[in-house]
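The values are calculated or read from the model by the stated rules, or taken from the named source; none is laboratory data. Computed from a predicted structure; not experimentally measured. Because the Cβ atoms are built from the backbone with ideal geometry, glycine has one as well, and the counts that use them run over all protein chains shown.
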Amino acid sequence: MTQVAPGPAGPTAPAARGRFDADERGYFGDPALGWGGRFMPEALVAALDELTDAWHDAMADPGFVAEFEAVLRDYAGLPSPLYHAERLSRQVGARILLKREDLNHTGAHKIRNVLGQALLTKRMGKTRVIAETGAGQHGVASATAAAYFGLDCTVYMGAVDTRRQALNVARMHLLGAKVVAVESGSATLKDAINEALRDWVASVDHTAYLFGTAAGPHPFPSMVRDFTRGIGDEARAQCLEQYGVLPDAVAACVGGGSNAIGLFAAFLDDEDVEVWGFEAGGDGVDTPRHAATIVGGSSGVLHGARTFVLQDDDGQTRESHSISAGLDYPGVGPQHAHLAATGRATYEPVTDAEAMEAMALLSRTEGIIPAIETAHAVAGAIRVATRLAAEKGPDATVLISLSGRGDKDMGTAIEWFGLGQPDAAEGRP
Amino acid sequence: MTGSATGSAAAFARARAEGRAALVGYLPAGFPDVAGSVEALRTMVDAGCDVLEIGLPYSDPVMDGPTIQAAAQQALEGGTRTRDVLRVVEAAAETGTPTLVMTYWNPVERYGVERFAADLASAGGAGLITPDLTPDSAPEWIAAADDHGLDKVFLVSPSSTDARVAMTTAACRGFVYATAVMGVTGARATTSDLAAPLVARTHATTDLPVGVGLGVSTGDQAAEVGSFADGVIVGSAFVRALQDHPDDLPAGLAALRTLTEDLAGGVRRAVRTPQEPARA
């Protein structure tokens, strides 16, 4: 672990623009390459400008920041603990620290982002929110935030996802949200985003779009990162407080990349801390069935930003695949594209099988059932930890964003592992 | 007014000389199939379209409503590729009617911006309409279009500030595309009361003609829009004429002809409100 002095680490303190941040037009890195930006219909430019101004004003307003921190603390249960997974650590041979975002209200890191955006919506005087969702976790979080702040809420969800995440659809209904099943295209997350954008074009005067990940047109990638960077700020401060040093590596799963960028943001200037993102490798990146956008995609424009995209030779978006609906997205946040291009972060795929194996491992060693998204991070982090342990011994430390809990994924787990039947007398091995 | 020999400006100028708005017709390439889309576009020209917009089918068409998205999806599932779109452009442009491609940006970026501009110009295409590319994000396209003398048609919206309208029209060549409603494409029962003020705001910044799109499906609506706009842009209604006859292209073409004639009649009977460009 790396010895450093504690740094400023308020959970939501707005950070000055650093070398990995976007410029005022939302471009990360070399403007000629132009990761990010805003490739959107003119009809939405005024709304995006309004949102950008409101977000800048809010983050510079101590009253807004204090209110955001209060709602995170009193309602969402933050800061989440940093937990030393001792049994898993012994098995791996290195120290594994888990940032327990699964313990947040609604069971995932997503609540940070939606509470921030919903609070901003109130500040802007809008009365309705829309959201897209894949696994349903962002939809549930958005419906929750809308209920908390008294906002109307409509959630767009691919029809395929509504079937595989029926429990979360029911949760959204109970919370008072309208859930629209999107049948167009591949009927998954990307199509839900398209439909939400169409709604927004027609309703921008009174509606805010609670974008679910650190992707999309400027300012969403930077704004969502700012609302989720508490993950990293808290983890960094907790690690220093509890261990007096920084971790050797931090790791997170990457679909659109909101939990990952929230974690990474706090460590990007800590040059000695390795930064790892793990994408959904599906059946393998050498097959057509994966969602490893950075590893297996190419530069393109999707949903308003230039980033890595899974696409064919004509620039048509390719259908992605992951066992985790939350990672099943053919794009990725543009700051991740920039971090990958600069080498500051390293991205690797984790297959469906590897993720499910990690899901079972964490469940049985620590009594923590992670979301399948999160299990990708666990699987990848074990690879990193095993290498670091060989290099540095058992004090080698890997900090994982445990981004969500696995309750919503039990249907998939039951099917994958063949669970749910009573064991024979001798018990399950 | 600027524009190449094949550019759209000449068609707008001809319509203006006749004291009317131009009729601009949209259809996705490859819908109902590649050959059928060529026949359909020729029918539209024959029945009175002054300018053609050929849609490049795209997997994630954020600005399109269900009618056009379904047509584009059918085209993609039928195997339509970017090179097929250029073939359709070539065939349509042979009619002598200015032919633009309406496309989301990623397929152009993927094809190669300079290569796309060169191939479009070689095919006789007049230029591009770019629904998800605003001029401030388009330096590469602007440069390529300028090199090849292609029209650059950017969109203005009711939500655009006056400054953005001015910035956008300054970057346009050929005409300016005014989206008349806050919403996606699709035929509507009534046209928008947002359109005329937007056209007036746009005219205040440019001598380019202004076409109004999104929602027009009848001759009467075309007459209404043609009273204040320089062009009436129709898309979903043309698509629907073909969709209503899914397995009978001749019947679809007949419906398309009838609709085009109705719309062409509409722009011709419009009572024009003087909308001379501010700087003409």
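Observations
Residue-by-condition table, conditions (1) charged (D, E, K, R); (2) part of a loop (DSSP other than H, G, I, E, B); (3) within 26 Å of A:Gly125 (Cα to Cα):
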residue: A:Ala208; (1), (2), (3): no, no, yes
residue: A:Thr213; (1), (2), (3): no, yes, yes
residue: A:Pro217; (1), (2), (3): no, yes, yes
residue: A:Met223; (1), (2), (3): no, no, yes
residue: A:Gly232; (1), (2), (3): no, no, no
residue: A:Glu241; (1), (2), (3): yes, no, no
residue: A:Ala251; (1), (2), (3): no, no, no
residue: A:Gly262; (1), (2), (3): no, no, no
residue: A:Asp270; (1), (2), (3): yes, yes, no
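- Cβ-Cβ contacts under 7 Å between residues 6 or more apart (or on different chains), taken from a first residue in region B:245-272 that is outside any helix (DSSP H, G or I) to a second residue that is among the polar types (S, T, N, Q), are listed as B:Ala270/B:Ser227; B:Val271/B:Ser227; B:Arg272/B:Ser227.
- Within the set B:Val38, B:Val45, the sole residue that is in contact with a strand residue (DSSP E or B) (Cβ under 9 Å, 6 or more places away or on another chain), surrounded by fewer than 24 Cβ atoms within 10 Å (Cβ to Cβ) and at pLDDT 95 or above turns out to be B:Val45.
- Qualifying residue in region A:96-109 (condition: of a type in the set (Lys, Arg), in contact with a Pro (Cβ under 7 Å, 6 or more places away or on another chain) and assigned by the TED database to the domain that holds A:Asp409): yes
- Some residue of region A:182-193 being within 14 Å of chain B (Cβ to nearest Cβ), within 18 Å of the chain's Cα centre (by Cα) and under 21 Å from A:Val71 (Cβ atoms): no
- Hey, A:Ala292 crowded, with 24+ Cβ neighbours inside 10 Å, among the hydrophobic types (A, V, I, L, M, F, W, C) and farther than 24 Å from A:Tyr209 by Cβ or not: yes
- Taking region A:31-64 as the range and being more than 23 Å from A:Trp200 (Cα to Cα) and within 14 Å of chain B (Cβ to nearest Cβ) as the test, the residues that pass are A:Pro31, A:Ala32, A:Leu33, A:Gly34, A:Trp35.
- Number of positions in region A:161-180 that are surrounded by fewer than 20 Cβ atoms within 10 Å (Cβ to Cβ), more than 14 Å from chain B (Cβ to nearest Cβ) and closer than 22 Å to B:Gly65 by Cβ: 1
- Answer from A:Val309, A:Val332 - the residue that is farther than 14 Å from A:Gly185 by Cα, modelled with pLDDT of 95 or more and away from chain B (no Cβ under 11 Å): A:Val332
- Selection from region B:81-99 of residues that are touching a helix residue (DSSP H, G or I) at 6+ places or on another chain (Cβ under 6 Å) and buried (at least 20 other Cβ atoms within 10 Å of the Cβ): B:Thr82, B:Asp84, B:Leu86, B:Val88, B:Ala91, B:Ala92, B:Thr97, B:Pro98, B:Thr99
- Residue pairs meeting the criteria (Cβ under 6 Å; at least 6 apart or on separate chains; first closer than 20 Å to B:Ala75 by Cβ, in region B:37-48; second in a helix (DSSP H, G or I) and of a type outside the set (Ser, Thr, Tyr)): B:Ser37/B:Val88; B:Val38/B:Val88; B:Val38/B:Ala91; B:Ala40/B:Leu256; B:Leu41/B:Ala92; B:Thr43/B:Leu253; B:Thr43/B:Leu256; B:Thr43/B:Arg257
- For beta carbons closer than 6 Å, sequence separation of 6+ or different chains, a first residue in region A:40-56 that is among the polar types (S, T, N, Q) and a second that is part of a loop (DSSP other than H, G, I, E, B), the qualifying pairs are A:Thr52/A:Pro219.
- Looking across region B:49-80 at every residue that is in contact with a strand residue (DSSP E or B) (Cβ under 7 Å, 6 or more places away or on another chain) and without any contact (Cβ under 8 Å) to a residue 40 or more places away in the chain, the one that is surrounded by the most Cβ atoms within 10 Å (Cβ to Cβ) is identified as B:Pro57.
- Checking B:Ala204, B:Ala229, B:Ala251, B:Ala270 one by one, the residue that is farther than 25 Å from B:Pro135 by Cβ, of a type outside the set (Ser, Thr, Tyr) and modelled with pLDDT of 95 or more is B:Ala251 and no other.
- Screening B:Ala93, B:Ala143 for residues that are away from chain A (no Cβ under 14 Å) and either out of contact with any Ser or Thr (no Cβ under 7 Å at 6 or more places or on another chain) or more than 16 Å from B:Tyr58 (Cα to Cα) (or both) leaves exactly one candidate, B:Ala93.
- Helices (runs of 4 or more DSSP H) (entirely within region A:78-178) containing at least 3 residues that are under 24 Å from A:Ala413 (Cβ atoms): A:86-92, A:137-149, A:159-164, A:166-174
- Criterion (farther than 26 Å from A:Thr162 by Cβ and crowded, with 24+ Cβ neighbours inside 10 Å) met by exactly one of A:Gly212, A:Gly230, A:Gly216: A:Gly230
- Residue in region B:209-225 that is modelled with the highest pLDDT, counting only those that are assigned to a loop (DSSP other than H, G, I, E, B) and in contact with a helix residue (DSSP H, G or I) (Cβ under 7 Å, 6 or more places away or on another chain): B:Pro209
- Hits in region B:151-171 - residues which are more than 16 Å from B:Trp105 (Cα to Cα) and more than 12 Å from chain A (Cβ to nearest Cβ): B:Ala166, B:Ala170
- Filtering region A:314-329 to residues that are at the interface with another protein chain (Cβ under 7 Å from one of its Cβ atoms) and either on the phi < 0 side of the Ramachandran plot or without any contact (Cβ under 8 Å) to a residue 12 or more places away in the chain (or both) leaves A:Asp314, A:Gln316, A:Thr317.
- For A:Ala66, the conditions (1) part of a helix (DSSP H, G or I); (2) modelled with pLDDT under 95; (3) of a type in the set (A, V, I, L, M) all hold with the exception of (2).
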